[in-house]
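Here you go, one structure.
Each value in this text was obtained by applying a stated rule to the coordinates, not by laboratory testing. None of the values given here were measured: they were computed from a predicted structure. Using ideal geometry, Cβ is built from the backbone for each residue, glycine included, and neighbour counts are taken over all protein chains shown.
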Amino acid sequence: MEEEVRSEKRRFETSESDGTPSNEAKKPNTTNTLPPTNTPSVEECTPPVEIADNENPALRRALESDDQLPHTGPEDPDRLPRGYEYCDHTADIQVHSWGSNLKEAFEECCVGMFGYMTDLRTVESKDTFSLEAEGQDLESLLFHFLDEWLYAFCVEPFFTPNEINILEFDDVNFKIKCEGYGEPFDLQKHPQGTEVKAITYSAMQIKKHDKGYDIYVIVDI
């Protein structure tokens, strides 16, 4: 990874054409080995599976069923209180996350992004990585929150969390302070998943309902 470190100071730049960042930082050389071979078709998603209450919730959501089912909504009586799933979207992928509040939905969305880049079952919570993000509204806050975590993965120490904990969520001034628990990406230990090149604003949605929030974010792969 020595060659990858050379680009660690190069940040994501926003394209004037579509308002999405282009990832200028070097990333691990990932290949399309995850998710499973039977990738869901358009308008379908892969649901998380249920686990025992005492298991790490982030690891629970990394365990994915091979059965492809229509994407879940707040009206689904069998849906877990919080979680994420993936929905195909043309050449990109859509991360759909949900939670009982914005904090949970944001956390799940970020874990879902990392779950697409590697198998989170192989990531141990050895280290803690802290960062902050801010925006002008909820959508830009979500964008920068995910973008900061993607940058942390792309440069030293190539940090890969299997769980995100938002310590402070200011939805008035649109600021976040958070921690991630995981370890540096290691090609000898962590499977190469699908490279996420950038976060996009395309079709981004933050939906509030009587059970909490649903978030939809399309990432460039």
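How large are Rg and Dmax for the range 87-221 when only the alpha carbon atoms are used, in Å?
For the range 87-221, the Cα-based Rg and Dmax read 14.1, 44 Å.
While we're on this one: Over 25 Å between C-alpha atoms is what I'm after, so list which of K126/K189; K103/K189; K126/K177; K126/K207 land there.
K103/K189; K126/K207
Same structure again: Using all Cα-Cα distances in the range 87-144, what percent lands in each 10 angstrom bin from 0 up to the longest?
17, 45, 33, 4
Need one number: nm distance between label points at A203 and E75, each 7 Å from Cα along Cα→Cβ, rounded to one decimal.
Each label point is offset 7 Å from its Cα along the Cβ direction, giving 2.0 nm.
Would you mind getting me the FRET efficiency between D92 and V172? Use the beta-carbon distance for r and R0 = 30 Å, nearest 0.05. Don't skip to the end; give the middle numbers.
Numbers: r = 32 Å, r/R0 = 1.05.
According to the calculation, E is roughly 0.40.
Could you give the length gained on full extension between K211 and S125, defined as 0.36 nm per residue of separation minus the Cα-Cα distance, in nm?
28.0 nm
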